[in-house]
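Report on one structure; see the data block that follows.
The values are calculated or read from the model by the stated rules, or taken from the named source; none is laboratory data. Note that the structure is predicted; figures quoted are calculated from it, not measured. A quick note on method: Cβ atoms are made from the backbone with ideal geometry, for glycine too, and the neighbour counts reach across all protein chains shown.
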Amino acid sequence: MFLRTTLAVTAALFAFAFGASAQPYAPLNPPQATDGGGKIEVIEFFWYGCPHCYTLEPEVNAWAKRAPKDVVLKRVPAVPSDSWAEGAKIYYSLEAMGLLDQYHQKVFDAIHKDNVNLQNKRLRDEWLKKNGIDVAKYEEAEKSFTVASKLARARQMTQSYKVDGVPRVIVNGKYYTSGEQAGGPQQVFVVVDQLVEMSRKEASKAASSAATPASAQPAKK
């Protein structure tokens, strides 16, 4: 009951924070440098305890399967506070163990379908055992330098991208959208597709402008 109440209050606060918006996206100010390896970078900030993130998850998975080849999708567990860090630890610990793809959805289901408070260590350990995950190996991964580094990076990104509500999807470090802005979870990646196309055109224009001065120079005699 406590967890359900907490999630309900959180959902209400997020709805208030976002409010209604006629614009399906907004510019990120200031823009952030991307790390997409030459591709258009799409980042989904989420929190395992967020019911809106849980609702959006099928849309994220569907879009990931059809994402253009010039786009890279990254998931980042938002860490605006120490309480949210526990969820991020679960994400990065499972990733370090090579179990993230197998258990990412199950973590969401445990919280939102089964009402299991995975931030409680005893309940988390029981859930790990029930799902065939070695608790000792999990704790070793959780305490590793790799997980600590990724947790610190997620915390820093949450601040740099000014993430004050989730889910939030960032496109190419310049624009962001959410379910509230887009008009519902089913519309989020419709907007993302539009922002990807905008980013693609901006990159093409920038490349063309950069090439113009050199090509416009008179030939040497």
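Listed here are the residues, each with its yes/no results for (1) under 20 Å from Pro185 (Cβ atoms); (2) modelled with pLDDT of 95 or more.
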site: Phe2; (1), (2): no, no
site: Gln23; (1), (2): yes, no
site: Asp35; (1), (2): no, no
site: Trp47; (1), (2): yes, yes
site: Pro51; (1), (2): yes, yes
site: Leu56; (1), (2): yes, yes
site: Trp84; (1), (2): no, yes
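What are the residues in region 33-77 that are in contact with a Leu (Cβ under 7 Å, 6 or more places away or on another chain) and either without any contact (Cβ under 8 Å) to a residue 60 or more places away in the chain or over 18 Å from Pro167 (Cβ atoms) (or both), if any? The answer is Ala64, Ala67. For region 95-115, the set of residues classified as among the aliphatic types (A, V, I, L, M) and in contact (Cβ under 8 Å) with a residue 24 or more places away in the chain consists of Ala96, Met97, Leu99, Val107, Ile111, listed by residue number. Sub-7 Å Cβ pairs linking a first residue in region 176-187 that is hydrophobic (A, V, I, L, M, F, W, C) to a second residue that is surrounded by fewer than 21 Cβ atoms within 10 Å (Cβ to Cβ) and part of a loop (DSSP other than H, G, I, E, B), at least 6 apart or interchain, are Ala182/Pro24, ordered by first then second residue. Take Gln119 and decide whether it is surrounded by fewer than 18 Cβ atoms within 10 Å (Cβ to Cβ), within 20 Å of the chain's Cα centre (by Cα) and either of a type in the set (S, T, N, Q) or at pLDDT 95 or above (or both). When the stated conditions are applied, Gln119 does not pass them. Checking the stated criteria, Val79 turns out not to satisfy the condition of being β-branched (Val, Ile, Thr), buried (at least 19 other Cβ atoms within 10 Å of the Cβ) and more than 14 Å from the chain's Cα centre (by Cα). Leu128 meets the conditions (1) aliphatic (A, V, I, L, M); (2) at pLDDT 95 or above; (3) not in a helix (DSSP H, G or I) in every case but one. The failed one is (3). Can you report the number of residues in region 87-105 which are surrounded by 17 or more Cβ atoms within 10 Å (Cβ to Cβ) and farther than 16 Å from His52 by Cα? Going through region 87-105 one residue at a time, the tally reaches 12. Selection of region 136-190 for residues being closer than 18 Å to Val72 by Cα, part of a helix (DSSP H, G or I), in contact with a helix residue (DSSP H, G or I) (Cβ under 8 Å, 6 or more places away or on another chain) and of a type in the set (A, V, I, L, M) yields Ala154, Val188, Val190. Among the candidates Tyr48, Tyr54, the residue that is assigned to a loop (DSSP other than H, G, I, E, B) and within 25 Å of Leu128 (Cβ to Cβ) is uniquely Tyr48.
Out of the residues in region 125-150 meeting the condition of being among the basic types (Lys, Arg) and under 16 Å from Ala96 (Cβ atoms), tell me which one is surrounded by the fewest Cβ atoms within 10 Å (Cβ to Cβ).
Lys143
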